[in-house]
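Report on the following structure.
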Amino acid sequence: MTRTAYRSRTTYHTVDVTGLKVFYRQSGPSDAPKLLLLHGLPSAGHMFRDLIPQLADRFNVVAPDLLGFGQSDMPAGTRFTYTFEALTDVLEGFTDVIGFDRYALYVFDYGAPTGFRLAVRRPDRITAIVSQNGNAYTEGFSDGWNPIRAYWSEPTQANRDVIRTMIQPETTIWQYTHGAADPSLVSPDGYTLDNHYLARPGADEIQLDLFLDYASNVALYPAFKEYFRTRRPPLLAIWGRNDPFFRPAGAEAFRRDIPDAEVQLLNTGHFAIETHAGEIAAAIRGLLTG
């Protein structure tokens, strides 16, 4: 089979990582350069459905569902503590199981703090980073984070209930469509599937736990920036400029620590990949093939 034949072929797998099931999508030749795609809230690896076929002729592309998301296991909070450190532990084990010992990272939203934690832990594994609305700088936060910041400061039940609105079905749809210059380009398939996963018993409490623990990512920003400064990985920050959560200033800030970082701002919102998969794929090719 020729490499071009992989453009429309994606396979679906499940592997065991310390007794937990991790689901992932894979496409591309096994001997090609590796690319790990990490999704965010409230999505799963299915968000890359339009991007994967555009990269699979040149790269071995893998898109896992983080634990508690999509088709991966969703153990109850009594069996698993949902923190970003714990999610990264499982993700690191996943890369070991599938033999991803050296790879480029594509990080989006929650995929950023998990991916950057991986990079800090094992810097020699990372060949390049693509950040699509994946934040690592405080100036990247918009005012949309204020209710979550209040929850960090006072983790009361009242503040927890306030941010429960952020995982309601109408909020998911808004996250996908807000800021898109042409909302008709946003397929309902993505947010409908996300809302299906969010409606599972216990899924809301898991997401609220992760909202609270997101503060631990901010505490690690100095470590992330130290990694950027010392390792200088090739980095592309390609963001939807109209994102209601992560401001363009967060994309521009990468240049402080990686002066050669490339920054592209697209006329769309948080889920930039829904409307600009072709542009993002072309930019990734430019970064990874030089």
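Sorted from longest to shortest, the spans of the Cα atoms of region 3-289 along the three principal axes equal 53, 41, 41 Å. Treating r as the C-beta distance of residue 289 and residue 182 and R0 as 35 Å, the FRET efficiency rounds to 0.75. For the chain, modelled as a Gaussian network with Cα springs under 10 Å, which listed residue fluctuates most, 121, 229, 200? Its mean-square fluctuation being the largest, the pick is 200. Exposure proxy ranking for 97, 218, 130, 17, based on other Cβ atoms within 10 angstrom of each Cβ and starting from the fewest, stands as 97, 218, 17, 130.
Spatial offset of region 159-212 relative to region 26-102 amounts to 20 Å, using the alpha carbon center of each. Computed from the C-beta positions of residue 226 and residue 83 and an R0 of 22 Å, the FRET efficiency is 0.55 to the nearest 0.05. Remark: region 31-45, residue by residue, has Karplus-estimated 3J(HN,Hα) of 9, 7, x, 8, 9, 9, 9, 10, 7, x, 7, x, 9, 7, x Hz, where x stands for each Gly or Pro and the curve is 6.51 cos²θ - 1.76 cosθ + 1.60 at θ = phi - 60°.
For region 99-223, what relative contact order do you get, as a whole percent, if you take Cα pairs closer than 8 Å and at least 6 residues apart? Worked out over region 99-223, it gives 23 percent. Charging the Cβ of each Asp and Glu at -1 and of each Lys and Arg at +1, and nothing else, the dipole of region 1-106 about its Cα centre rounds to 460 debye.
Of 185, 266, 236, which has the largest mean-square fluctuation in a 10 Å C-alpha GNM of the chain? Comparing 185, 266, 236 in a Gaussian network model of the chain, the most mobile one is 185. Here's the picture: charge each Lys and Arg Cβ at +1 and each Asp and Glu Cβ at -1 in region 49-184, and of 113, 141, 131 the one pushed furthest to the positive end of that dipole is 113. What the phi angles of region 54-61 give under the Karplus curve with 6.51, -1.76 and 1.60, with θ = phi - 60°, is a coupling list of 7, 10, 6, 6, 10, 9, 8, 9 Hz, glycine and proline written as x. Placing dummy labels 7 Å off each Cα toward the beta-carbon, the span from residue 164 to residue 204 is 0.5 nm.
When 34, 21 are sorted by how many other C-beta atoms sit within 10 angstrom of their C-beta, beginning with the fewest, the order is 21, 34.
Values in this text are rule-based calculations from the coordinates and carry no lab data. Small disclaimer: the values here were computed from a predicted structure and weren't measured. FYI the Cβ positions are ideal-geometry reconstructions off the backbone, even for glycines, and counts take in every protein chain you see.
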